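Engineer: Let me give you the structure first, and then I'll get to my questions.
The values are calculated or read from the model by the stated rules, or taken from the named source; none is laboratory data. Keep in mind that this is a model prediction, so the values were computed, not measured. Here the Cβ is made from the backbone with ideal geometry for all residues, glycine too, and neighbour counts use every protein chain on show.
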Amino acid sequence: MTMSFDNSDHHLLVNKVSIAYGQHTIVQDVSLAVAVGEIGCLLGPSGCGKSTLLRAIAGFVPLKSGTISLANKILANDNFCLPAENRNVGMVFQDVALFPHIDIAANVAFGLHHWPKPQQMQRVEELLDLVGLNGYQDRYPHALSGGQQQRIALARAIAPKPSLLLLDEPFSGLDAMLREELVPEVSAILRHEKIPGLLVTHDQTEAFTMADHVAVMNQGRIEQWDTAYNIYHKPDGRFVADFIGEGDFLACNVSSTTCVESPIGHLCSDRIHGFAVGDKAEVFIRPDDVLHLDGSPITGRIISKRFRGTHFLYRVLIAGNQTLYCFADSHHNHEIGEEIGIKLSLDHLMLF
Amino acid sequence: MFKSHGLSIFAVVIAAFISLPVIIIASYLVKADGALWQHLFDTVLNEYLVNSLLLLLGVGAGVLLLGVPTAWLTSMCSFPGRRWFSWALLLPLAVPAYIIAYTYAGLLDFAGPVQTWIREFTGLSYGDYWFFEIRSLGGAITMLSLVLYPYVYLMARAAFLEQSVSSIEVGCSLGYSRWRAIWSLALPMARPAIIAGLSLALMETLADYGTVQYYGVSTFTTGIFRTFYGFGDAAAAAQLAASLLAFVILLVLLERYSRRQARYHSAAESRARADLIPLVGSKAIMAVAICLVPLILGFIIPATQLLLWALFEAEPLGWDFVVLAWNSFSLAFLAAIITVLLAIILSYAKRTKPIKPINTAITMAGFGYALPGTIIAIGILIPLAWADHKLMALFEYMSWDSPGLLLSGSLVALLFAYTVRFLAVALGSVQSGLEKIKPSLDHAGGSMGHNPLAILRKIHVPLMRGSILTAVLIVFVDVLKELPATLILRPFNFNTMAVRAYELASDERLVDAAPASIMIVIVGLIPVLMLHASITRRRPHLHEKF
């Protein structure tokens with residue numbers, strides 16, 4: 001899809017950017033904008049071009065066409081590419097890339113080489129306070145844990161007060177517990193420092209936790225650029241619906257401007273869905289749209305189940321050949337093969 | 001498996017024997033004979049010391065100059081022929097220093113083709129023109145640098161490849177230009193590895209005998225030979241060997257320290273992407289030139305010259321050469337088998353009982369790689385000669401016929417020396433092979449009802465085969481190239497290819513030395529190519545792409 005943004009109050013502006021390695025186009029006609037104080041996110045499966053786009057914004061990859069500008073200053077277009085070192089764009093890398101031969105203080109101060117020494121020391125201390133690692137100045141990177149290393153990498157990147165921070169899958173090397181702890185922390189630090197950020201990830205939890213706007217990318221294009229809520233609840237296209245969260249497509253016939261007939265009955269939305277009456281369509285059903293209710297007229301047979309502590313996620317077979325996810329209260333422990341009652345709880349329809 | 005003390009005790013005994021020569025030479029550092037020291041000091045020590053130091057300094061600078069830029073270019077930049085250079089630059093490692101030394105002497109001497117051509121071309125005659133003297137300290141430094149730079153190249157390249165490309169990009173995103181980021185990040189991060197490679201090259205420099213002798217530079221090694229053969233003074237030779245040992249120990253400490261540092265300096269994660277800096281135009285031509293110089297001078301010219309001599313000018317090979325080759329190959333094979341067997345015993349002893357005495361024993365036994373052949377030879381001759389005298393006394397007492405020099409005058413001494421010198425190489429390969437067999441594999445085999453012998457046969461043998469063959473091959477080739485220890489310890493009238501090539505060259509029969517030399521170079525290529533293959537295998541993703 002193609003979008004364009006006007007320049008006003010947008011900080012980072014990526015306008016109709018294409019990137020190619022030789023004949024091979026990696027990113028095609030991509031536009032997005034990040035406002036001051038915002039965090040954006042590029043979300044997509046591996047190989048979708050999200051990292052390449054990030055590296056182009058950083059200045060490591062030239063553009064084939066389009067424009068990238070930051071604070072109304074052009075960083076790159078089809079025949080110009082400002083060197084990375086002159087962009088004032090910070091970057092945190094997936095492999096951390098702390099300099100192993102110098103201590104933590106020197107790592108954080110690395111980008112402050114043109115600052116006077118006392119200010120450098122002060123800034124280093126300020127940042128180590130911010131990431132909760134004050135007192136580690138004299139240690140070396142190899143003596144730090146993975147999470148500590150990533151905190152230092154963040155401190156190092158934001159030390160020179162960049163006008164934009166790029167984060168290239170910074171949490172993918174960490175274990176789940178640590179990630180849970182670090183993601184909101186990094187988000188808070190960026191907002192505290194008022195540095196707009198752009199995160200690249202393939203993990204939607206990370207994206208939803210950190211970002212104000214998420215770009216879902218697929219095969220070099222942005223499928224949707226929207227808030228996390230809209231990406232989940234109003235996916236723009238089958239790819240986004242399928243890629244974000246879990247869910248199933250059900251074949252249906254459009255019966256009115258707001259309702260469809262499906263194998264699990266008559267489904268209605270609170271708004272006009274835009275499909276013509278009599279059309280064939282597919283309705284997308286999320287697990288939280290299907291609830292378990294004993295005594296409901298609609299039933300399904302359980303074919304698998306996952307216990308998730310707070311709830312059960314059942315996979316049920318309905319109407320003979322259709323499978324759906326179904327949420328159930330954690331006390332409702334049913335056996336595989338059992339017929340259980342289900343109830344649909346849909347506010348709006350995701351029709352494709 | 002093998003949970004007996006027997007293996008441990010056996011390992012310690014082996015290690016004690018292996019470290020005997022070093023201990024004997026080291027003892028001369030302590031129980032120094034004052035008068036002898038004074039004499040050495042007054043006469044030769046000063047010259048040896050100054051020449052050895054100048055040689056170290058010169059070769060140090062030379063190998064850094066040749067090794068670091070080539071390593072950097074082939075690992076960080078893309079230019080025509082990069083992949084090819086990355087292994088071709090290892091080729092000079094196959095040429096022993098004494099062979100390149102006499103090849104260049106033959107090329108550049110007054111009567112050599114180069115000067116003859118100059119005279120014919122210009123019409124000048126002797127004395128009319130200046131030409132540099134290859135047989136000099138400068139010449140020796142150049143020759144040693146040309147064949148020893150691959151040590152620096154290898155270590156530096158490995159360090160550069162391990163560096164995260166992100167490091168340079170972090171530098172750029174923090175406001176450093178690409179070249180400044182390289183200078184202040186890539187080089188310092190590779191420094192420990194470069195120094196480790198440098199110390200290996202310097203150890204080889206100290207060990208060299210053939211080059212400095214041929215070029216008439218008096219160093220410790222030539223001094224040891226002269227003292228031992230010229231004056232027949234074993235004590236003085238040992239004293240000199242002890243001084244040399246002191247240098248070697250310093251280098252070993254430097255190397256081990258650097259290797260420890262290098263572990264911390266390597267990035268936690270290996271590079272995800274290989275984004276090479278593209279070089280085009282004049283920069284690409286410069287890069288190619290920088291890589292071509294060491295390759296042409298260190299391998300292509302000497303190898304071509306040797307080949308031409310061997311094919312067109314040397315005496316036709318006769319029965320003599322067959323005997324020579326048989327001597328060399330059988331001796332090298334025997335030495336390789338003995339050395340690798342001992343390495344296997346020591347490695348298994350460490351695996352079954354990783355206790356302090358065994359670890360110390362292995363460290364001691366592995367020290368030999370740093371020792372010049374001359375030190376080992378003198379350190380072996382002294383105890384074996386002593387044992388021979390005792391034996392002769394015993395035979396006389398029993399009224400038997402004198403057996404002659406049963407130990408010091410036979411192949412026993414030579415095999416002993418090779419084992420001491422090359423056990424470390426074999427240990428390295430065998431131990432790395434054994435490390436791949438995690439104890440859990442033994443436990444898994446045991447839990448499936450296999451006894452220790454079956455585990456050995458079904459798990460260890462197949463997994464270890466490659467490492468053991470590698471160890472045998474590397475020791476085999478190293479023995480084939482070895483010169484100084486062979487010169488001192490070989491039995492009367494027993495010649496190897498290395499010794500024969502060296503003797504012919506010393507008699508100015510360079511052309512006739514060529515067939516044996518080219519044979520040594522060709523055999524020497526095998527481990528170099530294997531080395532390249534093993535590096536390639538370790539980093540498949542890099543080589544698939546480029």
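Engineer: Does any residue in the stretch A:330-352 that is in contact (Cβ under 8 Å) with a residue 40 or more places away in the chain come within less than 7 Å, Cβ to Cβ, of a residue that is exposed (fewer than 13 other Cβ atoms within 10 Å of the Cβ) and assigned to a loop (DSSP other than H, G, I, E, B) six or more places away or on a different chain, and which pairs are these?
Structural biologist: Close Cβ pairs satisfying both conditions: A:341/A:294; A:341/A:295; A:347/A:270; A:348/A:270; A:348/A:271.
Engineer: Evaluate the following for residue B:232: is it surrounded by fewer than 24 Cβ atoms within 10 Å (Cβ to Cβ), outside any helix (DSSP H, G or I) and either within 13 Å of another protein chain (Cβ to nearest Cβ) or not hydroxyl-bearing (Ser, Thr, Tyr) (or both)?
Structural biologist: Yes, satisfied.
For (1) of a type in the set (Asp, Glu); (2) under 30 Å from the mean Cα position of the chain (by Cα); (3) crowded, with 16+ Cβ neighbours inside 10 Å, each residue gets a yes or a no:
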site	(1), (2), (3)
A:295	no, no, no
A:300	no, no, yes
A:318	no, no, yes
A:325	no, yes, yes
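Engineer: Restricting attention to the stretch B:395-438, which residues are farther than 20 Å from residue B:343 by Cβ, touching a residue at least 12 places away in the same chain (Cβ under 8 Å), of a type in the set (A, V, I, L, M, F, W, C) and in a loop (DSSP other than H, G, I, E, B)?
Structural biologist: Hits for the stretch B:395-438 are B:405, B:406, B:407.
Engineer: I've got another one for you. Looking only at residues that are of a type in the set (A, V, I, L, M, F, W, C) and surrounded by 17 or more Cβ atoms within 10 Å (Cβ to Cβ) in the stretch B:326-339, which one is farthest from residue B:478 (Cα to Cα)?
Structural biologist: Only one residue fits best here, namely B:338.
Engineer: Can you give me the number of residues within the stretch B:179-199 that are at the interface with chain A (Cβ under 7 Å from one of its Cβ atoms) and over 22 Å from residue A:83 (Cα atoms)?
Structural biologist: Total satisfying the criteria: 2.
Engineer: For residues in the stretch A:149-176 being surrounded by 18 or more Cβ atoms within 10 Å (Cβ to Cβ) and polar (S, T, N, Q), which is farthest from the other protein chains (Cβ to nearest Cβ)?
Structural biologist: By that ranking, first place goes to A:150.
Engineer: I'd like to know if the stretch B:101-121 contains one or more residues that are farther than 14 Å from residue B:511 by Cα, crowded, with 18+ Cβ neighbours inside 10 Å, under 32 Å from the mean Cα position of the chain (by Cα) and touching a residue at least 12 places away in the same chain (Cβ under 8 Å).
Structural biologist: No, there is no match, as no residue in the stretch B:101-121 is farther than 14 Å from residue B:511 by Cα, crowded, with 18+ Cβ neighbours inside 10 Å, under 32 Å from the mean Cα position of the chain (by Cα) and touching a residue at least 12 places away in the same chain (Cβ under 8 Å).
Engineer: Please verify whether residue B:369 is touching a Phe, Trp or Tyr at 6+ places or on another chain (Cβ under 8 Å), closer than 22 Å to residue B:336 by Cα and hydroxyl-bearing (Ser, Thr, Tyr), treating the condition exactly as stated.
Structural biologist: yes
Engineer: Please verify whether the stretch B:367-379 includes one or more residues that are part of a helix (DSSP H, G or I), touching a residue at least 12 places away in the same chain (Cβ under 8 Å), among the β-branched types (Val, Ile, Thr) and surrounded by fewer than 19 Cβ atoms within 10 Å (Cβ to Cβ).
Structural biologist: no
Engineer: I'd like the residue in the stretch B:442-468 that is of a type in the set (A, V, I, L, M, F, W, C) and surrounded by fewer than 14 Cβ atoms within 10 Å (Cβ to Cβ) and, out of all such residues, is farthest from residue B:420 (Cα to Cα).
Structural biologist: That would be B:448.
Engineer: Applying the selection to the stretch A:127-146, what residues are crowded, with 19+ Cβ neighbours inside 10 Å and within 14 Å of another protein chain (Cβ to nearest Cβ)?
Structural biologist: Listed by number, the residues that qualify are A:127, A:141, A:144.
Engineer: Let me ask something additional. Considering (1) under 27 Å from residue A:222 (Cβ atoms); (2) in contact with a Lys or Arg (Cβ under 8 Å, 6 or more places away or on another chain); (3) more than 14 Å from every other protein chain (Cβ to nearest Cβ), say which one residue A:191 fails and leave the rest.
Structural biologist: (2)
Engineer: Let me ask something else. For the condition surrounded by fewer than 24 Cβ atoms within 10 Å (Cβ to Cβ) and at pLDDT below 85, what is the one hit in B:191, B:178?
Structural biologist: None of the others qualify; the one that does is B:178.
Engineer: Taking the condition of being out of contact with any Pro (no Cβ under 7 Å at 6 or more places or on another chain) and within 13 Å of another protein chain (Cβ to nearest Cβ), how many residues in the stretch A:108-119 meet it?
Structural biologist: 6
Engineer: Also: From the residues in the stretch A:65-89 that are at the interface with chain B (Cβ under 9 Å from one of its Cβ atoms), buried (at least 18 other Cβ atoms within 10 Å of the Cβ) and out of contact with any Pro (no Cβ under 8 Å at 6 or more places or on another chain), which one is farthest from residue B:177 (Cα to Cα)?
Structural biologist: Of everything passing the filter in the stretch A:65-89, A:87 is farthest from residue B:177 (Cα to Cα).
Engineer: What's the number of the only condition in (1) within 14 Å of chain B (Cβ to nearest Cβ); (2) more than 30 Å from residue A:142 (Cβ to Cβ); (3) among the β-branched types (Val, Ile, Thr) that residue A:92 fails to meet?
Structural biologist: (2)
Engineer: Right, next: Within the stretch A:139-164, work out how many residues are touching a helix residue (DSSP H, G or I) at 6+ places or on another chain (Cβ under 6 Å), of a type in the set (A, V, I, L, M, F, W, C) and not in a helix (DSSP H, G or I).
Structural biologist: 1
Engineer: Among the residues of the stretch A:53-63, are any at the interface with another protein chain (Cβ under 8 Å from one of its Cβ atoms) and touching a strand residue (DSSP E or B) at 6+ places or on another chain (Cβ under 6 Å)?
Structural biologist: Looking through the stretch A:53-63, at least one residue is at the interface with another protein chain (Cβ under 8 Å from one of its Cβ atoms) and touching a strand residue (DSSP E or B) at 6+ places or on another chain (Cβ under 6 Å).
Engineer: For the stretch A:95-107, which residues satisfy the criterion of being at the interface with chain B (Cβ under 7 Å from one of its Cβ atoms) and either small (Gly, Ala, Ser) or within 12 Å of residue B:185 (Cα to Cα) (or both)?
Structural biologist: Matches in the stretch A:95-107: A:97, A:99, A:100, A:101.
Engineer: Same structure, new question: Counting only residues that are in a strand (DSSP E or B) and polar (S, T, N, Q), which one in the stretch A:268-314 is modelled with the highest pLDDT?
Structural biologist: Among them, the one singled out is A:304.
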